[in-house]
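The values are calculated or read from the model by the stated rules, or taken from the named source; none is laboratory data. Keep in mind that what you see is a predicted model, and the values were worked out from it rather than measured. Cβ placement follows ideal geometry from the backbone for every residue including glycine, while neighbour counts extend to all protein chains displayed. What goes into the accessible areas is simple: the full protein's heavy atoms, side chains included, and nothing from ligands, DNA or RNA. Shrake-Rupley method; radii C 1.70, N 1.55, O 1.52, S 1.80 Å.
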Amino acid sequence: MAALIARVRLLVNDPAGASQVFDDQTIQDVLDESRADYKNEVLRPKPTFSGSTIQFLDYYHPLGGWEDDLVIKQYLITLVTPSLSEPIAAHFQFAQTTLPPLYISGKLFDVYRAAADLLERQAAMWVLRYNVNVDGQSLQRSQAATALQKLACTYRMKQRAGAIHVTRTDIRQPGQLAGAGLGPLEIDYLASGEK
């Protein structure tokens with residue numbers, strides 16, 4: 001998690017130290033809101049050609065931002081350990097050829113969503129600041145909120161797309177009678193005073 005927190009700190013320009021705006025626990029809580037658990041996702045191999053042989057040393061996943069406690073299995077049963085693991089970039093390299101398919105299981109975090117959430121929180125801190133004109137000098141402190149919101153908007157465009165599951169109630173559901181749900185119900189007649 002420390003590497004993910006450092007990545008988010010880099011995106012929001014909040015280096016760790018005495019002048020940090022957000023502590024590590026706050027960043028971790030925001031990252032947890034973007035967490036998705038994946039199980040048995042296929043890793044894509046990038047073959048290496050050495051003379052007349054093909055070696056499978058490098059594997060990639062299209063989504064980056066994995067936590068360090070991920071598990072990689074070959075054929076869903078054999079645990080394999082890469083010699084080089086870059087979970088944020090989703091690149092895994094093996095010392096010896098490891099035949100596909102390889103599957104990855106673990107927690108995936110959206111660093112761009114977390115960064116945008118933190119920037120919006122930081123912009124809210126700057127919203128009530130004011131501009132000052134003194135002796136011909138102009139201090140425009142209110143521009144910080146606008147700049148932070150603009151950067152948050154840029155990160156929102158880079159975050160992963162979400163899905164919403166909707167159930168329509170105005171059509172017949174599987175297992176429902178043919179006439180049910182279509183047309184007026186008995187309560188409709190009672191409400192108008194007729195039956």
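Below, the figures for the structure above:
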{"read-out": "Counted residues, segment 15-41 - those being part of a strand (DSSP E or B) and at pLDDT 95 or above", "value": "0"}
{"read-out": "Options Leu76, Leu99, Leu63; residue that is at positive phi and either open to solvent by 70 Å² or more (accessible area, probe 1.4 Å) or in a loop (DSSP other than H, G, I, E, B) (or both)", "value": "Leu76"}
{"read-out": "Close pairs (7 angstrom Cβ cut-off, 6 or more residues apart or separate chains): over 15 Å from Tyr38 (Cβ atoms) and without any contact (Cβ under 8 Å) to a residue 24 or more places away in the chain in segment 64-82, open to solvent by 30 Å² or more (accessible area, probe 1.4 Å) and of a type in the set (Lys, Arg) anywhere", "value": "Leu79/Lys73; Val80/Lys73"}
{"read-out": "Failed condition for Pro47, given (1) surrounded by fewer than 16 Cβ atoms within 10 Å (Cβ to Cβ); (2) of a type outside the set (Asp, Glu); (3) part of a helix (DSSP H, G or I)", "value": "(3)"}
{"read-out": "Residue count, segment 101-128 (criterion: farther than 29 Å from Gln140 by Cβ, in contact (Cβ under 8 Å) with a residue 60 or more places away in the chain and not charged (D, E, K, R))", "value": "8"}
{"read-out": "Selected residue (criterion: surrounded by the most Cβ atoms within 10 Å (Cβ to Cβ)) from residues of segment 146-160 that are part of a helix (DSSP H, G or I) and of a type in the set (D, E, K, R)", "value": "Arg156"}
{"read-out": "Where a residue in segment 1-13 is more than 14 Å from Val30 (Cα to Cα) and its partner, wherever it lies, is exposed (fewer than 15 other Cβ atoms within 10 Å of the Cβ), with Cβ under 9 Å and at least six apart", "value": "Ala3/Asp68"}
{"read-out": "Matching residues in segment 102-116 - criterion: being under 30 Å from Ile54 (Cα atoms) and open to solvent by 20 Å² or more (accessible area, probe 1.4 Å)", "value": "Tyr103, Ser105"}
{"read-out": "Number of the exception - Leu139 against (1) touching a strand residue (DSSP E or B) at 6+ places or on another chain (Cβ under 6 Å); (2) in contact (Cβ under 8 Å) with a residue 12 or more places away in the chain", "value": "(2)"}
{"read-out": "Top-ranked residue of segment 1-25 - restricted to ones that are small (Gly, Ala, Ser) and touching a helix residue (DSSP H, G or I) at 6+ places or on another chain (Cβ under 9 Å), ranked as surrounded by the fewest Cβ atoms within 10 Å (Cβ to Cβ)", "value": "Ala2"}
{"read-out": "Test: residue in segment 123-145 that is open to solvent by 60 Å² or more (accessible area, probe 1.4 Å), under 26 Å from Leu10 (Cβ atoms) and touching an Asp or Glu at 6+ places or on another chain (Cβ under 8 Å)", "value": "no"}
{"read-out": "Answer residue from segment 26-44, given it is among the hydrophobic types (A, V, I, L, M, F, W, C) and out of contact with any helix residue (DSSP H, G or I) (no Cβ under 9 Å at 6 or more places or on another chain) and is least open to solvent (accessible area, probe 1.4 Å) among those", "value": "Leu43"}
{"read-out": "Pair list, Cβ under 6 Å, 6 or more apart: segment 160-174 residue closer than 19 Å to Glu33 by Cα, other residue at pLDDT 80 or above and surrounded by 10 or more Cβ atoms within 10 Å (Cβ to Cβ)", "value": "Arg160/Asp110"}
{"read-out": "Scope segment 83-94; condition open to solvent by less than 30 Å² (accessible area, probe 1.4 Å) and not in a strand (DSSP E or B); matching residues", "value": "Pro87, Ala90, Phe94"}
